[in-house]
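These notes concern the structure reproduced below.
The values are calculated or read from the model by the stated rules, or taken from the named source; none is laboratory data. What you see is a predicted model, and the numbers here were worked out from it, not measured in a lab. As a convention, Cβ positions derive from the backbone with ideal geometry for all residues, glycine included, and neighbour counts pool all protein chains shown.
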Amino acid sequence: MQSFFIFCSGADAPLLDNCSASERNKYAGIGATVFFTALMAFFAASYALFTVFDNAWIATFFGFIWGLLIFNLDRYIVSTLKKNDRKINEIWQATPRILLAIIIAVVISKPLELKIFEKEIDQVLLEEKNAMTLENQEQIAALYAGEESAFAKAIQELKTEITTKESEVNELYDIYISEAEGTAGTEKLGKGPVYKEKREKHDAALADLVILKETNQSKITAIEAQLATLGIQENEQLASSQPIIDNFDGLMARIEALNKLPFITSFFIFLLFLAIETSPIIAKLLAPRGEYDFKLAEREDLVKSWVTQQKSQQDILVATDLAVNNRVYSDIAEEEALYNHKRKIARQLIQDQADAFYKKQKGILG
């Protein structure tokens with residue numbers, strides 16, 4: 001177990017084996033922190049991805065990949081933080097690593113906050129869904145309100161026309177009855193010619209009323225059918241849009257709901273993960289240089305000295321080879337045989353160029 005945690009810390013295991021037990025315990029503790037931070041990152045990412053994909057296998061697979069990524073980052077951060085004699089250099093060296101650790105802590109803590117405050121987040125989402133449902137109903141009702149109002153107005157006008165005609169018929173009925181009773185009109189009791197005329201006028205208006213009722217009722221029935229169809233369309237649109245509101249519980253929606261909860265509680269959870277994430281770095285900053293650090297520095301100095309020596313020898317070798325080459329070419333340049341050979345080649349080249357130019361000019365002239 002100790003060897004595994006030492007591996008997690010990124011320390012040189014063979015070099016650490018030659019150090020004291022306290023050094024091995026120190027780096028095993030740092031490695032354990034790195035391992036459990038990556039484990040929490042795995043759980044956090046798996047839960048967050050489960051809210052996105054709604055599939056445990058997919059969420060577990062990508063959560064495992066995310067945990068490995070966090071493990072590698074933390075291991076790199078801890079292993080690259082070197083101890084030296086000046087604390088200010090260590091702090092300057094650790095600053096970007098601490099910033100990276102803060103970012104990792106935010107990424108890790110947020111999904112776990114979503115799980116911890118799941119019930120409170122569900123309550124916030126329920127309130128938002130109810131508000132969205134009411135707003136959606138109002139918007140859809142507003143879309144159909146104009147047509148529904150026009151249909152209702154048309155029905156009312158048709159009914160008003162019937163009512164007006166009925167009032168006219170009733171008025172004609174009162175007139176011819178009064179004429180028969182002798183209380184109005186000619187004021188003669190009985191059914192004379194005037195009564196007959198008024199009765200015929202009433203009967204004609206009554207026949208028109210019957211026709212008007214049939215005509216308007218058929219129109220009202222047709223309009224009511226259109227109004228019913230419009231209501232069905234409105235209900236169908238409500239039914240099709242409601243699942244979108246019901247499924248409004250994805251990762252982004254939950255994060256927004258979490259931000260509406262009291263800040264102080266989630267902030268303390270973030271501080272907890274920040275402390276866990278930065279604890280290996282802080283531990284290395286606060287701890288004095290140990291046996292492992294001195295041995296590691298000694299090995300690095302040996303490698304640096306060897307590289308410097310090799311570079312110096314290589315520079316000398318290159319300079320020596322350059323001087324020898326310059327001297328060799330200088331001696332060759334003074335040889336008469338080489339001069340005559342190059343002179344012969346140059347003369348032949350010039351002749352060939354002249355012949356080629358002559359042939360080209362001759363071809364142009366035809």
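Which pairs turn up if I take residues in the range 255-266 that are of a type outside the set (Val, Ile, Thr) and look for partners that are part of a loop (DSSP other than H, G, I, E, B) with beta carbon separation below 9 Å, at least 6 apart in sequence or on another chain?
ALA257/PHE117; ALA257/ASP249; LEU258/PHE117; LEU261/PHE117; SER266/PHE117
From the list PHE71, PHE42, which residue is within 30 Å of ALA13 (Cβ to Cβ), in contact (Cβ under 8 Å) with a residue 40 or more places away in the chain and not basic (Lys, Arg)? Working first, answer last.
Details: PHE42 fails: in contact (Cβ under 8 Å) with a residue 40 or more places away in the chain.
Step by step, each of PHE71, PHE42 is checked, and only PHE71 is within 30 Å of ALA13 (Cβ to Cβ), in contact (Cβ under 8 Å) with a residue 40 or more places away in the chain and not basic (Lys, Arg).
Can you go through ASP249, ASP301 and tell me which one is surrounded by 11 or more Cβ atoms within 10 Å (Cβ to Cβ) and charged (D, E, K, R)? Please lay out each step first, then the result.
Details: ASP301 fails: surrounded by 11 or more Cβ atoms within 10 Å (Cβ to Cβ).
None of the others qualify; the one that does is ASP249.
From the list ILE281, ILE255, ILE220, pick out the single residue that is part of a helix (DSSP H, G or I), under 37 Å from the mean Cα position of the chain (by Cα) and not assigned by TED's automatic domain parsing to the domain that holds ILE102. Give the derivation first.
Values: ILE281 fails: not assigned by TED's automatic domain parsing to the domain that holds ILE102; ILE220 fails: under 37 Å from the mean Cα position of the chain (by Cα).
After ruling out the rest, the residue left standing is ILE255.
In this structure, is ILE175 surrounded by 13 or more Cβ atoms within 10 Å (Cβ to Cβ), modelled with pLDDT under 85 and within 30 Å of PHE53 (Cα to Cα)? Let's see the steps before the verdict.
Details: surrounded by 13 or more Cβ atoms within 10 Å (Cβ to Cβ): yes; modelled with pLDDT under 85: yes; within 30 Å of PHE53 (Cα to Cα): no.
It is false that ILE175 is surrounded by 13 or more Cβ atoms within 10 Å (Cβ to Cβ), modelled with pLDDT under 85 and within 30 Å of PHE53 (Cα to Cα).
Filter the range 142-176 down to the residues that are farther than 26 Å from ASP203 by Cβ and touching a Leu at 6+ places or on another chain (Cβ under 9 Å) and list them by number.
Scanning the range 142-176 gives TYR144, GLU147, GLU148, PHE151, ALA152, ILE155.
Restricting attention to the range 68-86, does a residue exist that is over 14 Å from PRO280 (Cβ atoms) and either aromatic (Phe, Trp, Tyr) or buried (at least 17 other Cβ atoms within 10 Å of the Cβ) (or both)?
no
Looking at the structure I just gave you, is ASP122 of a type in the set (Asp, Glu), more than 30 Å from LEU39 (Cα to Cα) and either at pLDDT below 75 or not assigned by TED's automatic domain parsing to the domain that holds ALA45 (or both)? Walk me through it before giving the result.
Values: of a type in the set (Asp, Glu): yes; more than 30 Å from LEU39 (Cα to Cα): no; either at pLDDT below 75 or not assigned by TED's automatic domain parsing to the domain that holds ALA45 (or both): yes.
It is false that ASP122 is of a type in the set (Asp, Glu), more than 30 Å from LEU39 (Cα to Cα) and either at pLDDT below 75 or not assigned by TED's automatic domain parsing to the domain that holds ALA45 (or both).
Just one of the numbered conditions (1) closer than 24 Å to GLY29 by Cβ; (2) outside the structural domain of ILE6 (by TED's automatic domain parsing) is not true of ILE98; which one?
(2)
List the helices (runs of 4 or more DSSP H) that sit entirely inside the range 1-98 and contain at least 3 residues that are under 33 Å from the mean Cα position of the chain (by Cα).
Values: elements: 2-9, 13-17, 21-53, 56-79.
Per the criteria, 21-53, 56-79.
Looking at this structure, is THR37 under 30 Å from GLY250 (Cα atoms), in the same structural domain as ALA275 (by TED's automatic domain parsing), among the polar types (S, T, N, Q) and in contact (Cβ under 8 Å) with a residue 24 or more places away in the chain? Write out each step before concluding.
Values: under 30 Å from GLY250 (Cα atoms): yes; in the same structural domain as ALA275 (by TED's automatic domain parsing): yes; among the polar types (S, T, N, Q): yes; in contact (Cβ under 8 Å) with a residue 24 or more places away in the chain: yes.
Considered against the rule, which asks whether it is under 30 Å from GLY250 (Cα atoms), in the same structural domain as ALA275 (by TED's automatic domain parsing), among the polar types (S, T, N, Q) and in contact (Cβ under 8 Å) with a residue 24 or more places away in the chain, THR37 comes out as yes.
Looking only at the range 126-155, how many residues end up being closer than 20 Å to ALA239 by Cβ, exposed (fewer than 13 other Cβ atoms within 10 Å of the Cβ) and among the polar types (S, T, N, Q)?
Number satisfying all stated conditions: 2.
Look through GLU157, GLU148 and report the one residue that is in a helix (DSSP H, G or I) and at pLDDT below 85. It would help to see each step written out before you state the result.
Values: GLU157 fails: at pLDDT below 85.
That would be GLU148, the only listed residue that is in a helix (DSSP H, G or I) and at pLDDT below 85.
I'm told PHE4 meets every condition in (1) surrounded by fewer than 13 Cβ atoms within 10 Å (Cβ to Cβ); (2) under 21 Å from ALA275 (Cβ atoms) except one. Can you identify the failing condition by its number?
Unmet for PHE4, out of (1) surrounded by fewer than 13 Cβ atoms within 10 Å (Cβ to Cβ); (2) under 21 Å from ALA275 (Cβ atoms): (2).
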